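*Asks:* One structure, as structure tokens, below. Some questions next.
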Amino acid sequence: MAGERFGSEAEWLRAGGPAGDVVLSSRVRFARNFAGFAFPCKATEEEQSRVLELAHEHLCGLDLADDIAWLELGELERHERSVLVERHLISKQHAKDKGPRGVAISTPDERLSVMVNEEDHLRIQVLRSGLGLREAFGHINSVDDELESRIDYAYSPRFGYLTACPTNVGTGIRVSVMMHLPALKLSGELEKVRRAAKAMGLAVRGFYGEGSDAVGDYYQLSNQTTLGRTESELLDNFDQDVVPKVIEYERLARRNLIERRRPFLEDRVWRAVGVLTNARLMKAEEAMEHLSLVRLGVVAGILPDEAPIDMRTLHQLVLYVQPAHLQQARGRVLDQAERRVERASLIREKLADSPA
Amino acid sequence: MTFAEFRSKGLLGCSDCYRHFERALGPLIQRSHGGAERHTGKVPRRAGEAFDRMQRLAELRKELADALDCEAYERAATLRDEIRAIERGPGAPGGGG
């Protein structure tokens, strides 16, 4: 099963990383198309297969540090594709689409993932835990350079890298960070930050990107503009300007809660621990909400070191409460009712296991 | 692909669309990117080289025309040799790898 190839060494599951108290992970993605082929939406099945072949050949032939796992999505079962979505390695759209398409993933760290024949021929992405946009950019840039040395990209001097959707044209870059903002939510200031971000031309999305909800107080912030500025300018604006501000707001909100509303905060955190430790039925969304409060508790020093849970196990739980991972952990397909039972039981096990 | 098809799907069919629909796409792209209308970022290394070569050739051809106007035939000859070298040089279409 595809999922088995991927262990717990995935980059973004690692706790820590710069500004790890607020920033879960950073991501840089490039949209690229091969010259001489129609874009995926208009390509014939033959062209799509040819693009897939070429991508396979060149991606697996790259001179990179990591091993590359190549997966053809049509050959995977639905739950195997869901595992990839939950690990942030492919988009929901890519899992749902039909036709020749694939993904190349660096193993075991899963830092690099390249979707083939999603909206564009290539969607290259690099992840880093915490705030690591500069490193992610350096990494993706070398992968991009290497690919381009082997095959021509669709490019025009005026419009830059040509993409299926004009909103991605030019640099084709999307810079984003996944932030955990529970204190801003608890103190009612989140809406202000959302509006400010939108006013700055940033997109604010949920845990699974486009079309997802902000469950568990996780918010993905990303740039919208890709043309007219250099990659460095877009990156710097994000990295030096926008993200540090949001980090500061969240940290300030956390300090305020600790200093002025400690009983309220402790109550919320310990109630979350109580439910997670004792519930017998749990929906994914509810689990995410409680885990978010526990994460806040750990970071704010409300919960003692490592007990009832350490950060790394917490991040793993955030992943393992998702439906496909839950079923993978239990080794069988579960219907909705069974998932609620198993999710609750898995959480109780992990909390009991955690170094105390 | 027709422009109408693009408008309904929001996706272009291939690189040529950017040329065929340039006039209509221009303002649309500008609006999506806060007024920007030109790419200022990364240039693919090989496309970049081809582009630089094209620009250099255009410059040299202009200088050649000026030299001929001024009857500076020695200078013109040097320029013509330089132009030929670039046209045939490594990496140029039909030139050595």
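*Asks:* Hey, among A:267, A:217, which residue is at positive phi, modelled with pLDDT of 90 or more and charged (D, E, K, R)?
*Replies:* Exactly one residue qualifies, and that residue is A:217.
*Asks:* Tell me whether the stretch A:138-156 contains one or more residues that are touching a Ser or Thr at 6+ places or on another chain (Cβ under 6 Å) and surrounded by fewer than 22 Cβ atoms within 10 Å (Cβ to Cβ).
*Replies:* no
*Asks:* Output the residue which, of all residues in the stretch A:188-198 that are within 21 Å of residue A:244 (Cβ to Cβ) and surrounded by fewer than 17 Cβ atoms within 10 Å (Cβ to Cβ), is nearest to the other protein chains (Cβ to nearest Cβ).
*Replies:* A:198
*Asks:* Shifting gears a bit: Mind checking which residues of the stretch A:58-100 are basic (Lys, Arg), assigned to a loop (DSSP other than H, G, I, E, B) and free of Cβ contacts under 8 Å to residues at least 60 places away in the same chain?
*Replies:* A:98
*Asks:* While we're here: Would you check if there is a residue in the stretch A:105-117 being touching a residue at least 12 places away in the same chain (Cβ under 8 Å), among the aliphatic types (A, V, I, L, M), within 30 Å of residue A:243 (Cα to Cα) and part of a helix (DSSP H, G or I)?
*Replies:* no
*Asks:* Yes or no: the stretch A:207-223 includes at least one residue that is in contact (Cβ under 8 Å) with a residue 24 or more places away in the chain and within 14 Å of chain B (Cβ to nearest Cβ).
*Replies:* Within the stretch A:207-223 (the criterion being in contact (Cβ under 8 Å) with a residue 24 or more places away in the chain and within 14 Å of chain B (Cβ to nearest Cβ)), the answer is yes, since at least one residue qualifies.
*Asks:* I've got another one for you. I need a count of the residues in the stretch A:31-57 that are outside any helix (DSSP H, G or I) and out of contact with any Phe, Trp or Tyr (no Cβ under 9 Å at 6 or more places or on another chain).
*Replies:* Going through the stretch A:31-57 one residue at a time, the tally reaches 8.
*Asks:* Of all residues in the stretch A:54-74 being surrounded by fewer than 16 Cβ atoms within 10 Å (Cβ to Cβ) and out of contact with any Leu (no Cβ under 9 Å at 6 or more places or on another chain), which is nearest to residue A:84 (Cα to Cα)?
*Replies:* Restricting to residues being surrounded by fewer than 16 Cβ atoms within 10 Å (Cβ to Cβ) and out of contact with any Leu (no Cβ under 9 Å at 6 or more places or on another chain), the top hit is A:74.
*Asks:* Say we look at the stretch B:11-29 and pick out the residues that are touching a helix residue (DSSP H, G or I) at 6+ places or on another chain (Cβ under 8 Å) and crowded, with 19+ Cβ neighbours inside 10 Å; which of these is nearest to the other protein chains (Cβ to nearest Cβ)?
*Replies:* B:13
*Asks:* Out of the residues in the stretch B:51-74 meeting the condition of being of a type in the set (Gly, Ala, Ser) and surrounded by fewer than 13 Cβ atoms within 10 Å (Cβ to Cβ), tell me which one is nearest to the other protein chains (Cβ to nearest Cβ).
*Replies:* Checked the stretch B:51-74; the qualifying residue nearest to the other protein chains (Cβ to nearest Cβ) is B:58.
*Asks:* Looking at (1) in contact (Cβ under 8 Å) with a residue 24 or more places away in the chain; (2) surrounded by 15 or more Cβ atoms within 10 Å (Cβ to Cβ); (3) more than 30 Å from residue A:76 (Cβ to Cβ), which is the only condition residue A:298 fails?
*Replies:* The one condition residue A:298 does not meet is (1).
*Asks:* Just checking, which of B:32, B:8 is of a type in the set (Ser, Thr, Tyr), over 19 Å from the mean Cα position of the chain (by Cα) and facing chain A (nearest Cβ under 8 Å)?
*Replies:* B:32 is the lone residue from the list that is of a type in the set (Ser, Thr, Tyr), over 19 Å from the mean Cα position of the chain (by Cα) and facing chain A (nearest Cβ under 8 Å).
*Asks:* May I pose another question? Confirm whether residue A:343 is under 22 Å from the mean Cα position of the chain (by Cα), surrounded by 21 or more Cβ atoms within 10 Å (Cβ to Cβ) and among the basic types (Lys, Arg).
*Replies:* yes
*Asks:* If you scan the stretch A:128-185, which residues turn out to be assigned to a loop (DSSP other than H, G, I, E, B), at the interface with chain B (Cβ under 8 Å from one of its Cβ atoms) and under 15 Å from residue A:231 (Cα atoms)?
*Replies:* Hits for the stretch A:128-185 are A:159, A:169, A:171.
*Asks:* Out of all the residues in the stretch B:56-71, which are in contact (Cβ under 8 Å) with a residue 12 or more places away in the chain and small (Gly, Ala, Ser)?
*Replies:* B:67
*Asks:* Something else about it: Quickly run through the stretch A:306-356 and pick out the residues that are at pLDDT below 90, assigned to a loop (DSSP other than H, G, I, E, B) and of a type in the set (A, V, I, L, M, F, W, C).
*Replies:* A:307, A:309, A:356
*Asks:* Further question on the same structure: Test residue A:201 against the stated conditions and say whether it is in contact with a His (Cβ under 7 Å, 6 or more places away or on another chain), in contact (Cβ under 8 Å) with a residue 12 or more places away in the chain and within 14 Å of chain B (Cβ to nearest Cβ).
*Replies:* No; evaluated as a whole, the condition is false for this residue.
*Asks:* Of the residues A:238, A:264, which single one is more than 14 Å from every other protein chain (Cβ to nearest Cβ), of a type in the set (Phe, Trp, Tyr) and within 22 Å of residue A:134 (Cα to Cα)?
*Replies:* A:238
*Asks:* Exactly one condition in (1) more than 10 Å from chain A (Cβ to nearest Cβ); (2) in contact with an Asp or Glu (Cβ under 7 Å, 6 or more places away or on another chain) is false for residue B:41; which is it?
*Replies:* For residue B:41, the failing item is (1).
*Asks:* Looking only at residues in the stretch A:9-30 that are of a type outside the set (Gly, Ala, Ser), in a loop (DSSP other than H, G, I, E, B) and touching a helix residue (DSSP H, G or I) at 6+ places or on another chain (Cβ under 6 Å), which one is surrounded by the most Cβ atoms within 10 Å (Cβ to Cβ)?
*Replies:* Filtering the stretch A:9-30 for residues that are of a type outside the set (Gly, Ala, Ser), in a loop (DSSP other than H, G, I, E, B) and touching a helix residue (DSSP H, G or I) at 6+ places or on another chain (Cβ under 6 Å), the one surrounded by the most Cβ atoms within 10 Å (Cβ to Cβ) comes out as A:22.
The values are calculated or read from the model by the stated rules, or taken from the named source; none is laboratory data. Fair warning: this is a prediction, and the values are worked out from it, not measured in the lab. Glycine also receives a Cβ, built like all others from the backbone with ideal geometry; neighbour counts cover every protein chain displayed.
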